[in-house]
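Working notes for the structure below.
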Amino acid sequence: MTKRGRRFLMFVLAFVFVASAWELYKAVGPEEGGTVLGMRILARTDDRAMPHIWDMFARFGDPEVRGGEESIFVVVLRAAWYSFRCSLLAFVAGSALGIGLAVLMARFRLFERALMPYLVISQTVPIIVLAPLIFSLMAYQSRELAEKTWLAAVLLGVFLAFFPVAMGTLRGLQSTPAAPLELMDSYAAGWWKTLWKLRFPNAVPYLAPALRLAGAAAVVGVTVSEISLGVRFGVGRLILSYGQEATSDPPKLYTAVFGAAALGLVMAAVVMVVDRLLMRNRPPEAA
Amino acid sequence: MENPMTETSQAAVVVRDVEKIFNQGKPNQVDALVGIDLDIQPGEFISLIGPSGCGKSTLLRLVADLLEPTTGTITIHGKSAHQARVDQDYGMAFQQSGLFEWRSVERNIELPLELKGWDKAKRRERAQEMLELVKLPEFAKHMPWQLSGGMQQRIAIARALASHPKLLLMDEPFGALDEMTREHMQAELLRICAAAGTTVVFVTHSIPEAVYLADRVVVMSPRPGRITDIVDVGLGRDRNELTREAGDFFARVTEVREALRGIELADQARGIEDR
């Protein structure tokens, strides 16, 4: 079997394993939950708390609301596609911002020293706090902006995505070995030429894993902001509203969760393609 | 070009009264080089040899204008070292081949030409010419990491010579190679430089290598770095594997070795204070 085939098989097996564990616990676990030393540790296993896996998937075929025309599959897919486009935009813009900041920091030490602490602190601010803040700032500017809740979600995706890219790229730019730098010096090549011909290509192996983190961060930033702001078309909004129906229609919430997971998977695939393109022609041990 | 007489009679490299002091006036001051005078004629092959810390690599970097002398002047073909660097008048090769792993072999060789603004067709043509010179014409499209260490070093030499510089500066370029590859590379280097009439300044810490390659071996000593001896090799230009077994060759090796031992003895005589 090919390496790719084996990987796919492992991916499927992991899902089957988790699904089996879920169903196994549901079958043998206590219906009303359980306590250990007076603490509620064991989860309830009734159909409300833990719907059957097959019920979750079966739910995809039914309409979103009783008597509705579209199946929930179509609704979730559309929402996930909407959030995916927002995440992709956040990923691209965040990566560009991260690379730009890294170049500036590599060029001007003063810039690095001034900016770095703020960059690190910025990542400690919970996004759930930041989302309404950014949105109210936008809404204060104009009515038009007030309607673009998706833009606020994208901005927060950018806010999370740029950081790993900036750090990875900066590290790569600064780890250029002395010998090739001396070589570029012997050609009397200036800083920007050296950046383009040497430092930047040298940073690519550091950039590739940073992009993987940025892809995940963009998805988290966008979907969490969607939940926080209630962005109308996003999958985050579905999770929020389906969650409110969790007691009457438990599998429904899981359809939105699967939608969000699929969005993450597609993003991971996109990042993998970018990674392959960047790392082609590189020594195999570095790729 | 207007005056061909001075052009031909002009020295390739002139080092006058050069001194290089790092961290001047600070407690960690190092007198890397003092009182360096050296004239190198066009087409001449010069080896710089000496124990570590004698400043041989520093001297090479001063000629390359990668470092600036504290005092004194360095002239390359009548220009300042700085102007020579800006004009890319010399090629350079280091112990690490320093090939860019993301560029194919031919694009590595093209790098200096790219920086000079040559168009692509001309670059390709020159790269192919250089690959034939180093006898690796079929590896143009390979990536550097697909080649052995010796082949990588040959590509680095091809890159250093790509713009047909009249001067080649080399810092222990064969230091990381095994003995067999090394001897082979030495012979190749002599063939290539003789064909192009290139002047070479070659830093090494191998005595046989210095003697086999050079017209003159410059012997240096540390603390402070200075030139203590210049050995005329006088083995002629036509050197081959038999040269390595010739009596004259051994005589010169012995001469260089004794010059180096003199440094060691002087060092010991100066005694414990230095340690």
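The values are calculated or read from the model by the stated rules, or taken from the named source; none is laboratory data. These numbers were taken from a predicted model, which means no experiment stands behind them. Cβ sites come from the backbone with ideal geometry, for glycine too, and all protein chains shown count toward neighbours.
Values computed for the structure shown
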quantity: Identity of the residue in the range A:204-226, surrounded by 18 or more Cβ atoms within 10 Å (Cβ to Cβ) and free of Cβ contacts under 8 Å to residues at least 60 places away in the same chain, that ends up farthest from B:G91 (Cα to Cα); calculated: A:A216
quantity: The range B:205-235 - residue that is hydrophobic (A, V, I, L, M, F, W, C) and part of a helix (DSSP H, G or I) and, of those, surrounded by the fewest Cβ atoms within 10 Å (Cβ to Cβ); calculated: B:I207
quantity: Subset of the range B:131-145 that is within 19 Å of B:F174 (Cα to Cα) and under 23 Å from the mean Cα position of the chain (by Cα) - its residue that is farthest from the other protein chains (Cβ to nearest Cβ); calculated: B:K135
quantity: Residue in the range A:192-201 that is outside any helix (DSSP H, G or I), aromatic (F, W, Y) and surrounded by fewer than 18 Cβ atoms within 10 Å (Cβ to Cβ) present; calculated: no
quantity: Total residues in the range B:69-112, condition within 12 Å of another protein chain (Cβ to nearest Cβ) and either in contact with a Cys (Cβ under 6 Å, 6 or more places away or on another chain) or among the acidic types (D, E) (or both); calculated: 4
quantity: Residue ranges of strands (runs of 3 or more DSSP E) in the range B:9-66 with at least 2 members surrounded by fewer than 15 Cβ atoms within 10 Å (Cβ to Cβ) and of a type in the set (G, A, S); calculated: none
quantity: Qualifying residue in the range B:113-129 (condition: more than 13 Å from every other protein chain (Cβ to nearest Cβ), crowded, with 18+ Cβ neighbours inside 10 Å and either over 23 Å from the mean Cα position of the chain (by Cα) or free of Cβ contacts under 8 Å to residues at least 24 places away in the same chain (or both)); calculated: yes
quantity: Of all residues in the range B:146-161 being within 11 Å of chain A (Cβ to nearest Cβ) and surrounded by 15 or more Cβ atoms within 10 Å (Cβ to Cβ), the one that is nearest to B:T181 (Cα to Cα); calculated: B:A156
quantity: Single condition A:T223 does not satisfy, out of (1) within 26 Å of A:I121 (Cβ to Cβ); (2) of a type outside the set (A, V, I, L, M); (3) outside any helix (DSSP H, G or I); calculated: (3)
quantity: Pick from the range A:246-280, criterion exposed (fewer than 13 other Cβ atoms within 10 Å of the Cβ) and within 14 Å of chain B (Cβ to nearest Cβ), ranking: nearest to the chain's Cα centre (by Cα); calculated: A:L277
quantity: Single match in B:L113, B:L177, B:L133 (criterion: of a type in the set (A, V, I, L, M) and modelled with pLDDT of 90 or more); calculated: B:L113
quantity: All positions within the range B:162-204 that are part of a helix (DSSP H, G or I) and buried (at least 23 other Cβ atoms within 10 Å of the Cβ); calculated: B:L189
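Yes or no, residue by residue, for (1) over 22 Å from the mean Cα position of the chain (by Cα); (2) modelled with pLDDT of 90 or more; (3) in a helix (DSSP H, G or I):
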position	(1), (2), (3)
A:G67	yes, no, no
A:F84	no, yes, yes
A:I99	no, yes, yes
A:A106	yes, yes, yes
A:P117	yes, yes, yes
A:V129	no, no, yes
